[in-house]
1. GluC sites (Glu not before Pro), restricted to region 151-248: which are DSSP loop and have at most 16 other Cβ atoms within 10 Å?
2. From the Cα gyration tensor of region 128-186, with a ≥ b ≥ c the square roots of its eigenvalues, which class applies: rounded if a/c is under 1.5, or else prolate if a/b is larger than b/c, or else oblate?
3. Would you mind getting me the FRET efficiency between residue 203 and residue 171? Use the beta-carbon distance for r and R0 = 25 Å, nearest 0.05.
4. In whole angstrom, how long is each semi-axis of the equivalent ellipsoid of region 20-115, when you take the square root of 5 times every eigenvalue of its Cα gyration tensor and sort them from largest down?
5. Which of 246, 182 comes first, and how do the rest follow, when ranked by fewest Cβ neighbours within 10 Å?
6. What number results when the radius of gyration of the chain, computed over Cα atoms, is divided by 2.2 N^0.38 Å?
7. Take every Cα pair under 8 Å in region 7-90 that's 6+ residues apart, average their separations, divide by the length, and report that relative contact order as a whole percent.
8. Between residue 25 and residue 74, what length in nm is gained on full extension when 0.36 nm per residue of separation is reduced by their alpha carbon distance?
Amino acid sequence: MAVVPKFESLLEGSGLEARLQMNDEDFKLLRDFIRAESGIHFGESSKPILEKRMSRLVRARRIRSYRDYYYFLRYDKRKDEEMDSVIDAVTTNETYFFREERQLKAFKDEILPELHAEKLSRGDRTLRIWSAGCSSGEEPYTLAMLIMESKLFNDWRVEIFGSDINRRVLQIARKGSYGNSSFRVTEKGYIDRYFKEDGGRRQISEDVKKLVNFSYMNLVDRPKINLLRTMDVIYCRNVIIYFELSTKKALIESLGERLAPGGFLMLGHSESLINITSSYELRHLKNDLVYQKPRKRRIF
Ligand SMILES: C[S@@+](CC[C@H](N)C(=O)[O-])C[C@H]1O[C@@H](n2cnc3c(N)ncnc32)[C@H](O)[C@@H]1O
């Protein structure tokens, strides 16, 4: 059985802080723990990055070594709360409105009309979209604005679900108030129509906000993902780049299980399914290449 240090005694680490150093074993313990909890993988060459990100937390807790911090994360009664800080330190939450213009044009001008016609022919007037790894919400709100602009779904039930593992960014998403860096590529027309000025920031309008629901979800928690309803489109952009191959494969498979036949999987522009799966069809749309779950073959 592992010997669990008494953490209160670790809080008096005066003078030791300057000597805080992550040895290879500590790195492996913390790295494997973080990967098991979140899927996020730090390769051998990323040790300095992990060390830098962890050192702030270890010092803030006034814990004397990375090994003791590891035990703290595993066994202390405050471990869940601390894990939120770890997740905040190891996730990259960079995002902005209207990111990846061509793909969004394909969504608005090609995918939405196709889904509208196909679903209407079956008498189904619901549209369900999931932004998996939505960060502070700019992505799902962008999708909501594009759906509103398309005017195709005005009398439909539209549900956009944004999820993330980082509770801090989810709070920002729920609030819907954004500074300038979120608008680096946003056209003025969208700002005028869907935001109101709010003391140097911009607040997303209620019409957009009410289409989107945010929730904590860890994408390596497959049983939780399995509880979600079937989606027409899943956005999972700039998330799998932080995972190693086996985690990518498992996630892409569970996303596939949540997609309706004919549903679309949207990855980031630097991501692809090469070496991950051949179960999706690559659709050559006018504006972009996108992945689509085959309509007939049962693959997931
Ligand atoms: C770089 S942001 C991408 C945001 C948005 N999709 C975009 O492309 O602009 C990646 C997000 O994935 C989230 N993430 C990383 N690992 C996750 C996991 N295991 N479960 C859920 N979200 C995760 C991070 O917290 C972060 O907010």
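1. Numbers: sites: 159, 187, 197, 206, 244; in loops: 187, 244.
Sparse-neighbourhood loop GluC sites (Glu not before Pro): 187, 244.
2. Numbers: a/c = 2.51, a/b = 1.41, b/c = 1.78.
Because a/c hits 1.5 or more and a/b fails to exceed b/c, region 128-186 counts as oblate.
3. Values: r = 15 Å, r/R0 = 0.59.
After rounding to 0.05, the efficiency reads 0.95.
4. Values: eigenvalues 274, 42, 29 Å².
Gyration-tensor ellipsoid for region 20-115: 37, 14, 12 Å.
5. By the 10 Å Cβ count, ascending: 246, 182.
6. 1.12
7. 40 percent
8. Extra length from residue 25 to residue 74 when fully extended: 16.0 nm.
A short reminder: the numbers here are calculations on the coordinates, not readings from a lab. This structure is a prediction, so every number in the text was calculated from the model and none was measured. Positions of Cβ are generated from backbone atoms using ideal geometry, with glycine treated the same way; all protein chains shown enter the neighbour counts.
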